[in-house]
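Beneath this line is the structure, given in structure tokens, with notes to follow.
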Amino acid sequence: MKLEYALIRDTSWQSQADWQTPDTPFMSFAFWQALADTGAIGDQAGWLPIYIMIHRVADDLTAKPKSSDSKTEANIGNRHQTASIAQPVAVLPVFIKSHHSGEFVFDHAWAQAYARYGVEYYPRLVTSVPYTPITGQRLWLAADESLNEDIVKTAMLGVDDIAQQVGASSWHGLFVASELAEVANAALPTDIDIKHALATQDEGAAPIVIDTPILERQGCQFLWQNKDLLQDEQPFADFEAFLKTLRAKKRKTIRAERRKVAQQDIKCQRKCGNDITDEDWKAFYHCYVMTYAVRGQQPYLTMAFFRALAEMMPEHLMLAQATDSNNEIIASSLFLYDTPDNENPTLYGRYWGALGEYDSLHFELCYYQGIEFAIEKGLVYFDPGTQGEHKLVRGFIPTTTHSLHRIYDPRFVPAIANFCSQDREHMARYRQQAFEALPFNADNMPI
């Protein structure tokens, strides 16, 4: 038996197998259907999806690829079709993009370098959850399958095929789980002789030919963990139990911030799933839009998208609200969370907005309400989103994020590989410095 792939434009593959439950709600079919139904992905949004379906076939049943010299997006999906009795194994989503919006791992400098040399950087290929900087799986796996080098190699053959057809400069796998980064690094070439390649180019000679490698970048996000090291790593009993693990100065600061919210006559409450009313959604979206309006931007996601989430996956939704003295909603924060059957159920803080400036309200609604909810539900982790030092001092632990990159023009590979190598070293130093700045007592520092 061997692995082959097909390039598919629609989601018909979903009915061809039993698929494993993904590790986060953001890779659920419902979440992606909401994106598609409301125009958040698709040609008009600049996120044109192609699905690389990997299947297992007997050697003598493998159909020959249909030849095509076209590089038009319309023809993608007509390549490498296989016999109908092939067994589905995995699917990797790939987007054809002509911009960087909604990605959160940015390669603007690479695009600028291409432009300086008069080389087209667009289109480019991206594998990610659109508009969502969340670490997790990037392949849907069929039941009883597990990620391995053969699957990754076959997936990358599909990526390379798409790149050739549309003339893409590169592929970017963003916020991939550490397991995928490890398997990709083992399965594909990662190292090149950077110094020799750069020296050869500096001498004015023709660029040396380099096998297209997988280049890894690393970043840092901040994760709260529901683990009381003072109580044999048991979950926290309540918010005060969490505060006791912090140094006295930090405990005082957090308590002061929560008092400031109350002193403004602001009250907070949480609602889940079907308890979130239509009026709640309207108020939330008004707040969400304001977050973008103050920066002169349009929001990525529409009201229809959030209504679709409410209809298709209410069991994953929690809405924190802040009301003023007139009981009017003045701020909202929408979270998604894993169901208890997940191995490490996690709360994800994603969408926030407020109608004005209120002292400490962002910290209360986006962090402290989330921590309380995670403790209440027995969730293991709380991922509050991107960016960081203000999370660090509130007990969120620095963790490593991974992104994978494939550059198809060998002239640019050495410089970009060198950048990725230096960037990994820089981020490793940053994470260590962030870890040393954690606010925990000495006997409750995470391992």
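Please enumerate the residues belonging to the range 15-31 that are assigned to a helix (DSSP H, G or I) and in contact (Cβ under 8 Å) with a residue 12 or more places away in the chain. Give the derivation first.
Filtering the range 15-31 for residues assigned to a helix (DSSP H, G or I) gives 15-16, 25-27, 29-31.
Q16, P25, F26, M27, F29, A30, F31, listed by residue number.
Please state which of the following conditions E389 fails to meet, knowing it meets all the rest: (1) modelled with pLDDT under 95; (2) surrounded by 20 or more Cβ atoms within 10 Å (Cβ to Cβ).
Tallying (1) modelled with pLDDT under 95; (2) surrounded by 20 or more Cβ atoms within 10 Å (Cβ to Cβ), E389 fails exactly one: (2).
Condition check ((1) in a helix (DSSP H, G or I); (2) in contact with a helix residue (DSSP H, G or I) (Cβ under 8 Å, 6 or more places away or on another chain); (3) closer than 30 Å to A442 by Cα; (4) aliphatic (A, V, I, L, M)) across all residues:
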{"site": "K249", "(1), (2), (3), (4)": "yes, no, yes, no"}
{"site": "A256", "(1), (2), (3), (4)": "yes, no, yes, yes"}
{"site": "R259", "(1), (2), (3), (4)": "yes, no, yes, no"}
{"site": "A262", "(1), (2), (3), (4)": "yes, no, no, yes"}
{"site": "A283", "(1), (2), (3), (4)": "yes, no, no, yes"}
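Looking at D383 and the list (1) under 25 Å from K250 (Cα atoms); (2) acidic (D, E); (3) surrounded by fewer than 18 Cβ atoms within 10 Å (Cβ to Cβ), which single condition is not satisfied?
(3)
Can you name the residue in the range 1-15 that is among the hydrophobic types (A, V, I, L, M, F, W, C) and within 24 Å of the chain's Cα centre (by Cα) and, of all such residues, is surrounded by the most Cβ atoms within 10 Å (Cβ to Cβ)?
So the first thing to find is which residues in the range 1-15 are among the hydrophobic types (A, V, I, L, M, F, W, C), and the list is 1, 3, 6-8, 13.
Subset that is within 24 Å of the chain's Cα centre (by Cα): 7-8, 13.
Working: L7: 21, I8: 19, W13: 17.
Within the range 1-15, the match that is surrounded by the most Cβ atoms within 10 Å (Cβ to Cβ) is L7.
If you go through the range 313-360, how many residues are surrounded by 16 or more Cβ atoms within 10 Å (Cβ to Cβ), touching a residue at least 40 places away in the same chain (Cβ under 8 Å) and either farther than 19 Å from I266 by Cβ or among the aliphatic types (A, V, I, L, M) (or both)?
Applying the first criterion (surrounded by 16 or more Cβ atoms within 10 Å (Cβ to Cβ)) to the range 313-360 yields 313, 316-324, 329-338, 342, 345-355, 358, 360.
Keeping just the survivors that are touching a residue at least 40 places away in the same chain (Cβ under 8 Å) gives 313, 316-324, 329-332, 334, 336-338, 342, 346, 348, 350-355, 358, 360.
Among the residues that remain, those that are also either farther than 19 Å from I266 by Cβ or among the aliphatic types (A, V, I, L, M) (or both) are: 313, 316-320, 322, 329-331, 334, 336-338, 342, 346, 348, 350-351, 354-355.
Count: 21.
Kindly check whether there is at least one residue in the range 35-55 that is modelled with pLDDT under 55 and surrounded by fewer than 21 Cβ atoms within 10 Å (Cβ to Cβ). Quick ask: steps written out before the conclusion?
Pass one, the range 35-55, residues modelled with pLDDT under 55: none.
The answer is no, given that none of the residues of the range 35-55 is modelled with pLDDT under 55 and surrounded by fewer than 21 Cβ atoms within 10 Å (Cβ to Cβ).
Are any residues in the range 118-163 without any contact (Cβ under 8 Å) to a residue 24 or more places away in the chain and of a type in the set (S, T, Y), and if so, which ones? Give the derivation first.
We begin by selecting, within the range 118-163, every residue without any contact (Cβ under 8 Å) to a residue 24 or more places away in the chain; these are 118, 144, 146.
Once the filter is applied, which keeps residues that are without any contact (Cβ under 8 Å) to a residue 24 or more places away in the chain and of a type in the set (S, T, Y), the range 118-163 yields only S146.
Yes/no per residue for (1) among the acidic types (D, E); (2) in contact with a Gly (Cβ under 9 Å, 6 or more places away or on another chain); (3) at pLDDT 95 or above:
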| site | (1), (2), (3) |
| --- | --- |
| K71 | no, yes, no |
| G77 | no, no, no |
| Q81 | no, no, no |
| Q112 | no, no, yes |
| T127 | no, yes, yes |
| L141 | no, no, yes |
| E145 | yes, no, yes |
| N148 | no, no, yes |
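For P123, state whether it is at pLDDT 95 or above and in contact with a Ser or Thr (Cβ under 6 Å, 6 or more places away or on another chain).
yes
The values are calculated or read from the model by the stated rules, or taken from the named source; none is laboratory data. Just so it is clear, the structure is predicted and the values come from calculations on it, not from any experiment. We place every Cβ from the backbone using ideal geometry, glycine too, and count neighbours over all the protein chains shown.
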